[in-house]
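The values are calculated or read from the model by the stated rules, or taken from the named source; none is laboratory data. Fair warning: this is a prediction, and the values are worked out from it, not measured in the lab. Backbone-built Cβ (ideal geometry, glycine too); neighbour counts: all protein chains shown. For the accessible areas, the whole protein counts, side chains as well, though only heavy atoms, and no ligand, DNA or RNA atoms are used. Shrake-Rupley method; radii C 1.70, N 1.55, O 1.52, S 1.80 Å.
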Amino acid sequence: MAKTTTGVDPAAADAYDLAWVRFDRVAAVLLGPPNDEAISGHPLWNDGLETYQFHRVENSAWSVEYETRNRVHPNHRPESWKQDVHYIFTFHDKTLECLADGHTVGLIRSTMRDQLHVLVDQLVGSANA
């Protein structure tokens, strides 16, 4: 299957099939290098990391690192960190990594502008709610 994406101008009037991902109870997010030309420098490259993919990392060292950092908190509960999942999206120019309790994915046919308005309403609360 071909791995393709289409860049969409947020002001475009055309509707597109737009994919979305929502992460639940996010603990941490990283967005930045490596890009697709330097992905082989990522620590998980030799463990199956691929370009232009969505990955779920098992036994994540990153999750363990964050749990270890949090141990000094007076209400620290190690079991609450065991449910965190390490996700990685490898894009053309960036890599996105996220520690979260879970995720939901979806597909919607919409203009980018309309969907951005929906997302903003979900984030800050709709005036009509």
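Rolling a 1.4 Å probe over the heavy atoms of the protein chains gives region 1-102 an accessible area of 70 Å² per residue. Against the chain, whose longest principal axis is taken from its Cα atoms, helix 61-70 shows a tilt of about 70°. Relative to the dominant Cα principal axis of the chain, helix 112-124 is inclined by about 50°. The computed Cα extents along the principal axes in Å for the structure shown corresponds, within [x] 49, 28, 22; [y] 46, 39, 26; [z] 50, 42, 22, to [z]. So, R0 is 41 Å and r is the distance between the beta-carbons of ASN46 and VAL105; what FRET efficiency does that work out to, to 0.05? After rounding, the FRET efficiency stands at 0.90.
For ALA28, the amide hydrogen comes within under 5 Å of the amide hydrogens of LEU99, counting only partners 5 or more places away or on other chains and with H modelled in the peptide plane. Net charge of the neighbourhood of ILE108, taken over other residues with C-beta under 11 Å away and scored Lys/Arg +1, Asp/Glu -1, is -1.
Counted by Cβ distance under 11 Å from VAL57, the other residues give a net charge of -3, where Lys and Arg count +1 and Asp and Glu count -1. Efficiency by 1/(1 + (r/R0)^6): what FRET value for GLU65 and ASP36, r their Cβ-Cβ distance, R0 = 25 Å, to the nearest 0.05? Once rounded, the FRET efficiency stands at 0.50. In the chain, a dipole from Cβ-located charges (positive for Lys and Arg, negative for Asp and Glu) runs towards its positive end, and of GLY125, VAL21, SER60 it is GLY125 whose Cα lies farthest in that direction. Here the dipole of the chain is about 340 debye; that uses its Cα centre as origin and unit charges on the Cβ of Lys and Arg (positive) and Asp and Glu (negative). Normalised by the number of residues in the chain, the average gap of Cα pairs under 8 Å and 6 or more apart makes the relative contact order 41 percent.
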